[in-house]
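For reference, the structure discussed in these notes is given below.
The values are calculated or read from the model by the stated rules, or taken from the named source; none is laboratory data. Everything quoted here is computed from the prediction, not taken from an experiment. Note that each Cβ is placed from the backbone with ideal geometry, even for glycine, and that neighbours are counted across all protein chains shown.
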Amino acid sequence: MLNVKIGSAPISWDVLYFGGSKTSGLTFAQMLDGIAAAGYQGTEISTNGFFPAEPDQLRAELAQRNLKAASSYVALPLGQEGGLESILERVQSVAALLAYFSVSEIIIAGDTTPKRLEVAGSVAADGSDGWTDDEWQRAAKTLEAVATLCKERFNLKTVFHHHTGTYVETPAEVARIMDMTDPELVGLCLDTGHYHYGGGDVVEATRQYADRIWYLHIKDVWPQKLEQVRRERIHMRQAWAMDIFAELGRGAVDFPAFFNLLRTQGYQGWMIVEQDSVGRSQRDPGWSPVESARQSRDYIRDVLQV
C-alpha cells in the first residue's frame, strides 16, 4: 500500500487559484464540505480572496472537517528579463502561509502566454514555439532562486509544474528545465493530464523522473476531445470550455500502470485530483462537483486501495 495523501484541488470545484475567480456559486465552506464528503484528506490553498485571509480562521475551517493544507500553486514569468525581486516577494508571501501550515512543498509554474495558449497541444517539435536560449537560462536561474528562498527561509521544497499554454509543456521542455536545475533544489509536480495533453507518456515520465517527482496532480483527458484539439489547433481556453478533462479512469491516461509504478517506486506524498473545471457550472447545470470528485476518489480507492 502506498503512503500517500489524497487531496482535491479547488479548480475541480470551478474555483481558480488566482483572483478568487469562481463561477460555481459555491461558498468556501461549501467547497470544503464537499471535499470532505467526497473522501479527500486535504486541499490546496491560496491567498486569492476566496480562502479566509486570516490563517487562524483557515486552519480552523480545515480542522473542523479533518482536512489538511497540501500546497499552493504560484505561476510566475520565469523567462522574463528583470523583475526577480518582485517575483521573490510574491513567492515569499505564499511560502509564509504554507510554512504556517507546516506544508512540505510549494508549486511553481510558468505563466501562460497568448502565443502558447494558441498552440497548446500542438507545440512545434523543432522548438520554434519555445523560449530562446537566453530565456531558458533566465527561467532556470529564477526557478533556482525561488527554490533557494523557499528552502532556506521557509523549509519548503519547490516542485515545478509543467502546464499547457506555458513555455514548459512538452516532454522535451520538461526534460530541459529538469536538466537545467539542481535536483537537490527543484523537484517535479508531475501532472498526468497536462503531460498527456503535451504529447507525453505519463508512465514513462514517472519512470524517468522517479527521483524528482515530489508531488502529483492527477487528472484524466478525454481522448476524442484531445484529438479534436490537435486536429483543429484549438486554443487552450476553448479546450477548457469543451471540458477536456475527465474523471479518473474514464479517459486516455493509463492509471493502472501509473499507480503500479508509483507503488513499485515507493512514492510518498500528496496526490491531488485536479480536474480543471473552469466555468463548467454554467455550461452544464446538471454537473455536480461533489459527484465528480467522488467518482475520481472512488476510482483511486478501487485501483490503488488507498
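Considering Asp211, Asp243, which residue is more than 18 Å from the chain's Cα centre (by Cα) and either assigned to a strand (DSSP E or B) or not polar (S, T, N, Q) (or both)? Let's see the steps before the verdict.
Working: Asp243 fails: more than 18 Å from the chain's Cα centre (by Cα).
Step by step, each of Asp211, Asp243 is checked, and only Asp211 is more than 18 Å from the chain's Cα centre (by Cα) and either assigned to a strand (DSSP E or B) or not polar (S, T, N, Q) (or both).
Confirm whether Glu227 is closer than 27 Å to Leu188 by Cα, among the charged types (D, E, K, R) and touching a His at 6+ places or on another chain (Cβ under 8 Å). It would help to see each step written out before you state the result.
Details: closer than 27 Å to Leu188 by Cα: yes; among the charged types (D, E, K, R): yes; touching a His at 6+ places or on another chain (Cβ under 8 Å): no.
Here the answer is no, as Glu227 does not meet what is asked.
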Point to revise | Hits in the range 12-46 - residues which are modelled with pLDDT under 85, touching a Ser or Thr at 6+ places or on another chain (Cβ under 7 Å) and under 19 Å from Val94 (Cβ atoms) | key: Val15, Tyr17
Exercise for review: Look through Ala139, Ala96 and report the one residue that is of a type in the set (Gly, Ala, Ser), buried (at least 20 other Cβ atoms within 10 Å of the Cβ) and closer than 18 Å to Ala75 by Cα.
Suggested key: Ala139
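Could you please give the count of residues in the range 40-64 that are part of a loop (DSSP other than H, G, I, E, B) and either among the aromatic types (Phe, Trp, Tyr) or farther than 18 Å from Trp270 by Cα (or both)? Break it down stepwise before answering.
The initial filter retains those residues of the range 40-64 that are part of a loop (DSSP other than H, G, I, E, B), namely 40-41, 44-54.
If we keep only those that are either among the aromatic types (Phe, Trp, Tyr) or farther than 18 Å from Trp270 by Cα (or both) as well, we get 40, 47-54.
Counting residues in the range 40-64 that are part of a loop (DSSP other than H, G, I, E, B) and either among the aromatic types (Phe, Trp, Tyr) or farther than 18 Å from Trp270 by Cα (or both) gives 9.
Can you name every residue in the range 23-80 that is of a type in the set (A, V, I, L, M) and surrounded by fewer than 18 Cβ atoms within 10 Å (Cβ to Cβ)? Spell out the reasoning first.
Here is the first cut: in the range 23-80, the residues of a type in the set (A, V, I, L, M) are 26, 29, 31-32, 35-38, 45, 53, 58, 60, 62-63, 67, 69-70, 74-76, 78.
If the condition is that a residue be of a type in the set (A, V, I, L, M) and surrounded by fewer than 18 Cβ atoms within 10 Å (Cβ to Cβ), then Ala29, Ala37, Ala53, Ala60, Ala63, Ala75 are the ones that fit.
Look through the range 214-240, keep the residues that are outside any helix (DSSP H, G or I) and of a type in the set (D, E, K, R), and return whichever of them is nearest to the chain's Cα centre (by Cα).
Per the stated criteria, the residue is Lys219.
Considering only residues that are out of contact with any Asp or Glu (no Cβ under 8 Å at 6 or more places or on another chain) and small (Gly, Ala, Ser), look in the range 282-298 and name the one that is farthest from Ala241 (Cα to Cα).
Of all residues in the range 282-298, those out of contact with any Asp or Glu (no Cβ under 8 Å at 6 or more places or on another chain) come to 282, 285-288, 290-291, 293-294, 297-298.
Keeping just the survivors that are small (Gly, Ala, Ser) gives 286, 288, 293.
On the way: Gly286: 16, Ser288: 16, Ala293: 19 Å.
For the range 282-298, the residue satisfying everything is Ala293.
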Check your understanding: Which residue pairs have Cβ atoms closer than 9 Å, lie 6 or more positions apart in sequence or on different chains, and pair a first residue in the range 135-152 that is within 14 Å of Gln80 (Cα to Cα) with a second residue that is basic (Lys, Arg) and part of a helix (DSSP H, G or I)?
Key -> Trp136/Arg176; Ala140/Arg176
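Rundown of residues vs (1) under 23 Å from Gln228 (Cβ atoms); (2) among the hydrophobic types (A, V, I, L, M, F, W, C), yes/no style:
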site: Ala139; (1), (2): no, yes
site: Phe154; (1), (2): no, yes
site: Lys157; (1), (2): no, no
site: Gly193; (1), (2): yes, no
site: Tyr209; (1), (2): no, no
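Residues Val159, Val123, Val174, Val203: which one is closer than 25 Å to Gln268 by Cα, modelled with pLDDT of 95 or more and outside any helix (DSSP H, G or I)?
Numbers: Val123 fails: closer than 25 Å to Gln268 by Cα; Val174 fails: outside any helix (DSSP H, G or I); Val203 fails: outside any helix (DSSP H, G or I).
None of the others qualify; the one that does is Val159.
Condition first: among the hydrophobic types (A, V, I, L, M, F, W, C), under 22 Å from Arg237 (Cβ atoms) and within 17 Å of the chain's Cα centre (by Cα). Can you find one or more residues in the range 152-173 that meet it? Let's see the steps before the verdict.
Narrowing the range 152-173 to residues among the hydrophobic types (A, V, I, L, M, F, W, C): 154, 156, 159-160, 168, 172.
Then keep just the ones that are under 22 Å from Arg237 (Cβ atoms); that gives 168.
Filter once more, keeping what is within 17 Å of the chain's Cα centre (by Cα): 168.
Checking the range 152-173: at least one residue is among the hydrophobic types (A, V, I, L, M, F, W, C), under 22 Å from Arg237 (Cβ atoms) and within 17 Å of the chain's Cα centre (by Cα).
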Review point. Given the conditions (1) touching a residue at least 24 places away in the same chain (Cβ under 8 Å); (2) exposed (fewer than 15 other Cβ atoms within 10 Å of the Cβ), and given that Pro285 satisfies all but one, which numbered condition is not satisfied?
Key: (1)
Check your understanding: Just for the range 1-11: of the residues that are at pLDDT below 90 and not in a strand (DSSP E or B), which one is surrounded by the most Cβ atoms within 10 Å (Cβ to Cβ)?
Key -> Ile11
Check your understanding: In the range 253-275, is there at least one residue being in a loop (DSSP other than H, G, I, E, B) and at pLDDT below 95?
Key -> yes
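Somewhere in the range 126-141, is a residue within 20 Å of the chain's Cα centre (by Cα) and farther than 23 Å from Glu274 by Cα?
Kept after step one, since they are within 20 Å of the chain's Cα centre (by Cα), are these residues of the range 126-141: 139-140.
Subset that is farther than 23 Å from Glu274 by Cα: 139-140.
There is at least one residue in the range 126-141 that is within 20 Å of the chain's Cα centre (by Cα) and farther than 23 Å from Glu274 by Cα.
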